[in-house]
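Have a look at the structure below before the remarks.
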Amino acid sequence: MKRITVAITGASGAVYAQRLLYHLDRSAEVSHVHVIVSAPGRRVLLEELDVAATGDGLARELTGLDTSKLSFLPNSDIGASIASGSYPSDGMVIIPCSMSTIGALASGAVTNLVHRAADVTLKENRRLVLVPRETPLHSIHLENLLRLRNAGAMIVPAMPGFYHRPESIEQLVDHFVFRLFDHLGLAHDRSTMWRGGVRGTGAEGSREGGCE
Ligand SMILES: Cc1cc2nc3c(=O)[nH]c(=O)nc-3n(C[C@H](O)[C@H](O)[C@H](O)COP(=O)(O)O)c2cc1C
């Protein structure tokens, strides 16, 4: 059973975090999810999803599920369990990840629990998946992202695919979320694998697939 940390920072794309938490909560492989939301992250949850709750109410509002494995930690709690490398965590995702947080992580400047938990994940050589969202990107953004990649983070920009022909935003987002499951080493029953060309040949493959 795995313990995953999810941080929500103040970039656009709160729906990605919402769907990731929903599916992590339902995953038989995941025993617990620690969630941290930065203050700008809360602002974006309100702007984009009308979610304003705190504590357990936030878990319910975000996932729509009653029996939740989610526990929320204050971003100011630099002494939380996940702030220590001795706590056995199986990986962390920052989704969406602002360029501000990317800059902090790339510089090693740790000022809150999101930064600390991510810094610990890197130093312990565990899976750190960053889902940055900004456009366009200037050279400082790009250099910071490269530094983090070189330090071992997976950079998975919020760039959903369309080859599976999503018919709703939920389908579009969920396909992206299950690619994150792949990066976290978590099993799932959704096909995100491209099985070869289909259009024009009628031979192999399926529209449920996708190539990455
Ligand atoms: C509605 C809204 C949308 C935003 N979208 C982005 C974004 O897509 N990318 C980004 O890097 N910053 C975005 N920002 C700015 C960040 O919230 C800001 O830089 C903040 O300091 C990030 O802090 P945090 O990383 O601690 O959450 C947005 C802010 C607001 C209010």
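Pairs meeting the criteria (first residue in the range 133-161 and farther than 17 Å from Phe176 by Cβ and part of a helix (DSSP H, G or I), second residue within 15 Å of the ligand (Cβ to nearest atom) and not hydrophobic (A, V, I, L, M, F, W, C), beta carbons under 7 Å, at least 6 apart or on different chains) are His141/Glu134; Asn144/Gly103; Leu145/Pro132. For Asp56, the stated conditions hold: it is more than 23 Å from Asp189 (Cβ to Cβ), away from the ligand (no atom under 13 Å from the Cβ) and in contact with a Ser or Thr (Cβ under 9 Å, 6 or more places away or on another chain). For residues in the range 33-53 being within 16 Å of Arg19 (Cβ to Cβ) and within 6 Å of the ligand (Cβ to nearest atom), which is surrounded by the most Cβ atoms within 10 Å (Cβ to Cβ)? Here the residue is Gly41. Answer with yes or no whether Leu148 is out of contact with any Ser or Thr (no Cβ under 8 Å at 6 or more places or on another chain) and more than 13 Å from the ligand (Cβ to nearest atom). In short, yes.
For the structure I just gave you, tell me whether Leu20 is under 18 Å from Val129 (Cβ atoms), in a helix (DSSP H, G or I), under 16 Å from the mean Cα position of the chain (by Cα) and not hydroxyl-bearing (Ser, Thr, Tyr). The answer is yes for Leu20. For the range 91-107, a residue qualifies if it is near the ligand (Cβ under 8 Å from one of its atoms), among the polar types (S, T, N, Q) and within 20 Å of Glu124 (Cα to Cα), and exactly one does: Thr101.
Readers should treat all values here as calculations from the given coordinates under stated rules, not as data from a laboratory. Note that the structure is a prediction, hence the values are computed from the model and not measured. Reconstructed Cβ throughout: ideal geometry from the backbone, glycine too, with neighbour counts over all protein chains shown.
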